[in-house]
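Just below is one structure, and these are the notes that go with it.
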Amino acid sequence: MILNNRQIRMLQLLDEQVNKCNKCSLKSNGKFIPFWTPYSKYAIIGESPNHREITRKTPFLGSAGEILTKQLYETGFKSRDFLVINTVQCATKFGLDNKPNNIQICECQSFIRKYLKVVNPEKILCLGNYAKYIFTNTLSGVLKQRGKFFNGKLEGDVNFPFLITVNPAYCIYNDIEGINLLRSDIELFRNTRFQRKADWLFTEDDFLI
């Protein structure tokens, strides 16, 4: 199913809002505008963009991104199949302990909800702790919760089926185990079908700040 002109207009409006956003302290680190195409029918939620992704305006760059891209491609997916959005849309600083905090995550949640509302994905792949936080409000338990679908409610009574998997960065430090877990989850994501919901009813006023 191809996104209609109204959905595309809403996504373009949201792109402009993300580009102008100055809500939190990450604003000066550079922004990655969520990636989408008219063919996006699924969604991937990641943690935060890196500077290469921001500079080249392309998702899944860097060592972890290459691992994810390879697993998606070998499982039969194309990049155009996905809305790719992060828990925070701006880069965090370098450093092992430098993760987005709760305030920064909460500031970006409204963007995530709006993008999902417009694209109306059949299912969502959550990469790691910070991505699953959007639905579970917890920052732990990926290995215990991965490998099965949950229903995530963002607005009203509409549920988004979402699958939790490991952050591809986990595969760098846990090599074979991490890649096997990621591959298994992506295959489950591919093979599990859901009926897409009826199109959302929305107006441009819903997306103004």
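Please treat every number below as a calculation from the coordinates, not as lab data. Computed from a prediction, not measured in an experiment: that's the story for all the values here. Please note: Cβ atoms are built from the backbone with ideal geometry, for glycine as well, and neighbour counts cover all protein chains shown.
Things to note:
- Residues located in segment 165-190, provided they are acidic (D, E) and in contact (Cβ under 8 Å) with a residue 12 or more places away in the chain: D185, E187
- From S79, S25, residue being touching a residue at least 40 places away in the same chain (Cβ under 8 Å), within 21 Å of Y115 (Cα to Cα) and either surrounded by 13 or more Cβ atoms within 10 Å (Cβ to Cβ) or hydroxyl-bearing (S, T, Y) (or both): S79
- Filter pass, L68 being crowded, with 16+ Cβ neighbours inside 10 Å, in contact (Cβ under 8 Å) with a residue 60 or more places away in the chain and in a helix (DSSP H, G or I): yes
- Looking only at residues in segment 137-164 that are touching a residue at least 12 places away in the same chain (Cβ under 8 Å) and assigned to a helix (DSSP H, G or I), the one that is surrounded by the fewest Cβ atoms within 10 Å (Cβ to Cβ) is L143.
- Those residues of segment 97-118 which are in contact with a helix residue (DSSP H, G or I) (Cβ under 7 Å, 6 or more places away or on another chain) and β-branched (V, I, T), in sequence order: I105, I112, V118
- For I54, the criteria (1) surrounded by fewer than 20 Cβ atoms within 10 Å (Cβ to Cβ); (2) in a loop (DSSP other than H, G, I, E, B); (3) hydrophobic (A, V, I, L, M, F, W, C) hold in every case but one, which is (2).
- Matching residues, segment 8-20, being out of contact with any Asp or Glu (no Cβ under 8 Å at 6 or more places or on another chain) and either in contact (Cβ under 8 Å) with a residue 12 or more places away in the chain or among the polar types (S, T, N, Q) (or both): I8, L11, Q12, L14, D15, Q17, V18, N19
- All of (1) assigned to a loop (DSSP other than H, G, I, E, B); (2) under 23 Å from F160 (Cα atoms) hold for N22 with one exception: (2).
- Any hit, segment 88-105, residues being surrounded by fewer than 17 Cβ atoms within 10 Å (Cβ to Cβ), part of a helix (DSSP H, G or I) and in contact with a Cys (Cβ under 9 Å, 6 or more places away or on another chain): yes
Yes or no, residue by residue, for (1) part of a loop (DSSP other than H, G, I, E, B); (2) under 15 Å from the mean Cα position of the chain (by Cα); (3) at positive phi:
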| position | (1), (2), (3) |
| --- | --- |
| L11 | no, yes, no |
| L26 | no, no, no |
| Y39 | yes, no, no |
| P49 | yes, yes, no |
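- Qualifying residue in segment 122-133 (condition: under 25 Å from T55 (Cα atoms), surrounded by 13 or more Cβ atoms within 10 Å (Cβ to Cβ) and in contact with a Lys or Arg (Cβ under 8 Å, 6 or more places away or on another chain)): yes
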